[in-house]
Each structure stands twice: as structure tokens, then as C-alpha cells.
Amino acid sequence: MSFESLILGIVQGLTEFLPVSSSGHLALLQNLWGITENSLTYDLLLHFSTMVATACFFWRDILYLFREWLVGFVSSSGRQSEGWRLGWAVICGTFVTAFIGFPLKPLVERWMVVPSLVGAALLVTSLLLWYASTLPRGQGKISLLSGLLIGVAQGLAVIPGISRSGSTIVMGLKRGLSPEEAFRFSFLLSLPAILGANILQIMDITKNESLVTQLPDFWYGGVIIAFISGYGALICLRKMVTLGRWRIFAFYCLIPASVSLLSVLWR
């Protein structure tokens, strides 16, 4: 399965950040290749790899904003800073994500193995991205309420086929954030959510056996490829969001959605 592992790594790296749903693409490929075992474990490592790519991409923002957030605990002027406001928005948005996403875990596991449901969710993503292209360009900054609402969007995006980056950035744009601010907050918010989900999944998987024994052949190659392709996708997406090129992704989502739905009808 070395070839499939590499392909899944490339797909995860690109689609985790581009607004086309990485979980939807992975689910469709795993169904196409008949991969039923080890898929959750491998998906976990691929998501962790792209989380590391996000941290590397935003490391300056993370250090700067975290320092400002800490200063806010000891200085009244620090509580007027961007880091203080954004830090609490990330924390509150993460709690909302967990509150919505964690109970959906059993549904997600069943959803992933039903191509028609994944295809329907991809159609929803396509419509969402088309809607994004109609939104006016805002200039706003993140607020606590915006953080909460973007957290809701992130929680619902655990459904395979619903793009996490797409739904969170579009929610930010709807709240009047500038494209740059919506892009940055979307991925800063993803870090604690993905880390927390990974920790919980590892604890669940390793109850009975080692994590490594549940992985496909050449899994490490896929993880490395996911990091490299993910970092490149972040660079691409930042430019596309800034330019407002949403319809390209909206049209693209129609392709895997149509293929999955037609394959079900064909069978």
C-alpha cells in the first residue's frame, strides 16, 4: 500500500488547507481503494503532519500573539492588544468546536464510509464557497463573538465533505473580517482543535495495541509528503483568499461530489 499511502499524504496536505475538505477526499479515496482498516489511525497522523505545517507557517504570529496574551494578565494596557483579543477568541472558539464536534464523532465515523453522504456534503461546500464570492470585502478585526461563531463553523466541519478552512474563513468574511484576518484566524483556531482531536484519538486507538502496528506500509512517506504539500497549499490559499478567488474551488468541489454521487447510482 506504499503508493496509496503517498497519494493519501499528498491529498491530505493539499486539501487540508485548500477549501475542498480533506476528510471528504480521504474518505472517497479510502472507499475507492477498499481501505477499511487502519484508516482512522493513518488519517490521524496525516492531520498531525498538516498541523505541524500550520504551526511552522504561522510561528511568528503564534509567538507574538501568545506573548501579548500573557502580558494582558499583568497589564491593563495589554488587555487592549490584538494578542489578548485574539487569544480569548481562539480559546472560546475552541470550546465551542469541542462542544459541537465531539458528540458528532460516531456520526462522522459512519459518514466516512458512505460515498453518497460525502458527495452531498461536498455539494454543500461548493455552495458555501460560491456564496463567499458574493460577500463584500471587509476590514474588520476578530472579536469574541466572531471567534465563537467561527468555532461553530469549525465544529460542524467535522462532517466529511464540509471544508473546515472554507467554512471558517467564510464565516469570518460574513462577520466582516478582512480576508487576511479571516485566513489567519481560521488556521490559528485549527491548531488546538486538531491537537486535541489527535490526543483523544491516540488515547482511544492505543488502548489495546500499539499505534504503529495499525499503520499502512510506507506511512512515514505519506506523513512527510503531507507536510510539504500542506505548507505549499497554505501559501497558495493565502493568495487566493486575498484575491477572493472562491469560485475556482466551488467549481472544483462539484467534481468529486458528482463522481461520488454518480458512482452510487451506477452501482
- Note the direction-averaged projected area, equal to a quarter of the hull surface, for the Cα convex hull of the stretch 22-166, in nm². 10.2 nm²
- Query: Say the cut-off is 24 Å between C-alpha atoms; which of 174/239; 105/141; 141/239 go over it?
  - Reply: 105/141
- Task: With r as the distance between the Cβ atoms of residue 60 and residue 203 and R0 = 41 Å, compute the FRET efficiency 1/(1 + (r/R0)^6) and round to 0.05.
- Result: 0.80
- Full extension from residue 265 to residue 91: what is 0.36 nm times the residue separation minus their Cα-Cα distance, to one decimal in nm? 58.3 nm
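So what's the net charge close to residue 18: Lys and Arg +1, Asp and Glu -1, counting the other residues with Cβ under 15 Å from its Cβ?
Numbers: positive: 164, 238, 239, 245, 247; negative: 16.
Result for the local shell: +4.
So for each of 153-161, 13-21, 136-144 I average, over its residues, the number of other beta carbons within 10 Å; can you give me the resulting order with the highest mean first? Write out the running numbers ahead of the final one.
Numbers: 153-161: 24.3, 13-21: 26.4, 136-144: 14.2.
Those peptides, ordered most packed to least, come out 13-21, 153-161, 136-144.
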- Taking R0 as 25 Å and r as the Cβ-Cβ distance between residue 67 and residue 148, the FRET efficiency 1/(1 + (r/R0)^6), rounded to the nearest 0.05, comes to 0.55
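For every other residue with a beta carbon closer than 13 angstrom to the beta carbon of residue 59, add +1 if it is Lys or Arg and -1 if Asp or Glu, then tell me the sum. Kindly include the intermediate steps, with their values, before the conclusion.
Working: positive: 60, 67, 184; negative: 61.
Combined, the nearby Lys, Arg, Asp and Glu give +2.
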- Item | Cα gyration tensor, the stretch 42-110 - rounded (a/c under 1.5), prolate or oblate | oblate
- Note on the structure: Note, the stretch 73-78: 3J(HN,Hα) by Karplus (6.51, -1.76, 1.60, θ = phi - 60°), whole Hz, Gly/Pro = x, goes 6, 10, 9, 5, 5, x
- Report the label-to-label distance for residue 76 and residue 245 in nanometres (one decimal), using points 7 Å from each Cα along the Cα→Cβ vector. 4.9 nm
- Message: Give me a comma-separated list of calculated 3J(HN,Hα) values for the stretch 19-27, in order, Karplus coefficients 6.51, -1.76, 1.60 applied at θ = phi - 60°, integers in Hz, x for any Gly or Pro.
- Response: x, 10, 6, 5, 5, x, 5, 4, 4
- Could you pull out every residue, at least 5 positions away or on a different chain, whose amide H is within less than 5 Å of the one on residue 138? Hs are placed 1.01 Å off N in the peptide plane, and Pro or chain starts have none. none
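Under the √(5λ) rule applied to the eigenvalues of the Cα gyration tensor, what semi-axes describe the equivalent ellipsoid of the stretch 222-267? Give them in Å, descending.
Numbers: eigenvalues 148, 69, 3 Å².
Computed over the stretch 222-267, the values are 27, 19, 4 Å.
Throughout, read-outs are computed from the coordinates displayed, never taken from laboratory work. Please read these numbers as outputs of a predicted model, since none were measured by experiment. FYI the Cβ positions are ideal-geometry reconstructions off the backbone, even for glycines, and counts take in every protein chain you see.
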